[in-house]
Amino acid sequence: MIDTKKDFPIFKNNPNLIYLDNAATTQKPSSVLDAERDFYENHYSNVHRGVYQLSQEATELYENARESIAEFLNASPEEIIFTRNATESINLVANILPVSKNDKIVSTLMNHHSNFVPWQLLSQKTKAKIEYLSLSESAELDVEDFNKLKNATVFAFTHASNATGVITPAKQLIEQAKDAGALTVIDAAQSAPHLPIDVKKLDCDFLALSGHKMLGPTGIGVLYGKKELLQELPPFLTGGDMIREVTIQETTWNDLPYKYEAGTPNISGAIGLAEAVRYLQRIGFDELLAHERDLTSYAHKILPNYVDVYGPAPSKKLGILSFNVQGVHAHDVASILDSKNIAIRSGHHCTQPLLNALGLTSTCRASFYVYNNKREVQSFVDALELSHKTLVK
Ligand SMILES: Cc1ncc(COP(=O)(O)O)c(C=O)c1O
């Protein structure tokens, strides 16, 4: 049994807090907070600019962070672009791909809005066709629909759903998309915090993640892109640091990954994220996933029968429980839980197409992570019982 609560100051400062909104964002361990503080207190300067000692220290810390993330994903550092978050990473890709009206984009109804809207907009702008893989009753991707990948030129999908926790068969999907000749964009915002990711094994072209969902700071995200593609594609944002030479006539671009990092980056965020990755690696992903599944299975087992759960069995998903208490609106359930210091999410989870496909407008979502335990799951279920008793006449 993992016992990590002591590593997270928020729980010392809020001893009664039961935090079950980890799919939205995660709490930060002291080691991450210390790494950021150490940078600001001892090594702070801008990167890639100064020849003086402090600037070189900052640059080294920032580039070491990139190397740690590259190792974590089994990529090369040139392929790791620091962004603000997964949303920006995906928008970056949607803005640089040479899509035109003869292309076909394939997305899925499972995608978070940040991996849905950029493609919808791109299709509207370019007149490229867009199709969506639909969902089965258990909210998994419908295997029958995989033939929509035929003739696709871009395939953008989710590695794990934030709304239901469903894990998609990423390797198989990428293989099928490659057979069709499509470029693949995988949203790993939910999977990277819980599953080991190897971009070489997956053979994806682009992958996006957010630091704040995996114990790292807010405002730092990652885009992995295959080197040969990033070399050929145009830049996204332009300005300082991403250039090689600027004249009145024209500008040439910097080497990778700097070509895609215009302006002063989130240096402390990158350093904090690398520390978060080290924290997760010390625990081990097998151990982490087993812990979350244990909590999820326990929740499934003790939930009262007036709670409807959406999505498959715990073995096919992350530690996410998407549900409704019969006869009670999701926001009312969340409010009652809040009165017991239990934080869960309610609403559409930025996945309106997914909820629509399931015939729902909102659900409650409890999402477990490294610092949660069975006692908290029990308190959560007790509070659900209270919401039912209080609000269902
Ligand atoms: C699956 C998925 N993709 C993308 C995002 C967007 O992440 P961010 O808001 O950090 O850009 C989220 C956030 O909830 C998510 O769950």
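Name every residue in the stretch 56-87 that is within 15 Å of the ligand (Cβ to nearest atom) and surrounded by fewer than 21 Cβ atoms within 10 Å (Cβ to Cβ), in order of residue number.
Arg84
If you take the residues in the stretch 104-125 that are assigned to a loop (DSSP other than H, G, I, E, B) and among the aliphatic types (A, V, I, L, M), which one is farthest from the ligand (Cβ to nearest atom)?
Ranking the qualifying residues of the stretch 104-125, first place goes to Leu109.
Evaluate the stretch 192-208: report whether one residue or more is out of contact with any helix residue (DSSP H, G or I) (no Cβ under 7 Å at 6 or more places or on another chain) and free of Cβ contacts under 8 Å to residues at least 60 places away in the same chain.
No, the stretch 192-208 contains no residue that is out of contact with any helix residue (DSSP H, G or I) (no Cβ under 7 Å at 6 or more places or on another chain) and free of Cβ contacts under 8 Å to residues at least 60 places away in the same chain.
Give the residue that is nearest to Lys5 (Cα to Cα), with candidates limited to residues of the stretch 295-306 that are buried (at least 18 other Cβ atoms within 10 Å of the Cβ) and under 27 Å from the mean Cα position of the chain (by Cα).
Checked the stretch 295-306; the qualifying residue nearest to Lys5 (Cα to Cα) is Leu295.
Can you find a residue that is over 14 Å from Thr361 (Cα atoms), within 16 Å of the ligand (Cβ to nearest atom), within 19 Å of the chain's Cα centre (by Cα) and modelled with pLDDT of 95 or more anywhere in the stretch 322-343?
No, the conditions are met nowhere in the stretch 322-343.
Please find, among Ala128, Ala139, Ala156, Ala163, the residue that is in the same structural domain as Ser76 (by TED's automatic domain parsing), surrounded by 17 or more Cβ atoms within 10 Å (Cβ to Cβ), more than 16 Å from the ligand (Cβ to nearest atom) and in contact (Cβ under 8 Å) with a residue 24 or more places away in the chain.
Ala128
Can you pull out every residue in the stretch 7-59 that is in contact with a His (Cβ under 7 Å, 6 or more places away or on another chain) and either in a helix (DSSP H, G or I) or without any contact (Cβ under 8 Å) to a residue 24 or more places away in the chain (or both)?
Within the stretch 7-59, Leu54, Glu57, Ala58, Thr59 meet the criteria.
If you take the residues of the stretch 109-125 that are polar (S, T, N, Q) and free of Cβ contacts under 8 Å to residues at least 60 places away in the same chain, which of them is surrounded by the most Cβ atoms within 10 Å (Cβ to Cβ)?
Selected residue: Ser123.
For the stretch 281-320, enumerate the residues that are more than 27 Å from Ser346 (Cα to Cα) and in a helix (DSSP H, G or I).
Of everything in the stretch 281-320, those that are more than 27 Å from Ser346 (Cα to Cα) and in a helix (DSSP H, G or I) turn out to be Gln281, Arg282, Ile283, Phe285, Asp286, Glu287.
When only residues in the stretch 22-38 that are surrounded by 18 or more Cβ atoms within 10 Å (Cβ to Cβ) and of a type in the set (D, E, K, R) count, which is farthest from the chain's Cα centre (by Cα)?
Looking at the filtered set, the residue picked out is Glu36.
Which strands (runs of 3 or more DSSP E) sit wholly inside the stretch 177-251 and have at least 1 residues that are crowded, with 24+ Cβ neighbours inside 10 Å and within 16 Å of the ligand (Cβ to nearest atom)?
183-187, 206-210, 221-225
If I go through the stretch 341-351 residue by residue, how many of them are outside any strand (DSSP E or B) and surrounded by 16 or more Cβ atoms within 10 Å (Cβ to Cβ)?
5
Tell me yes or no: at least one residue of the stretch 91-102 is at pLDDT 95 or above, small (Gly, Ala, Ser), away from the ligand (no atom under 16 Å from the Cβ) and surrounded by fewer than 23 Cβ atoms within 10 Å (Cβ to Cβ).
Checking the stretch 91-102: at least one residue is at pLDDT 95 or above, small (Gly, Ala, Ser), away from the ligand (no atom under 16 Å from the Cβ) and surrounded by fewer than 23 Cβ atoms within 10 Å (Cβ to Cβ).
The values are calculated or read from the model by the stated rules, or taken from the named source; none is laboratory data. Since this is a predicted model, take the numbers as computed values, not measurements. Every residue, glycine as well, gets a Cβ built from its backbone with ideal geometry; the counts of neighbours run over all protein chains shown.
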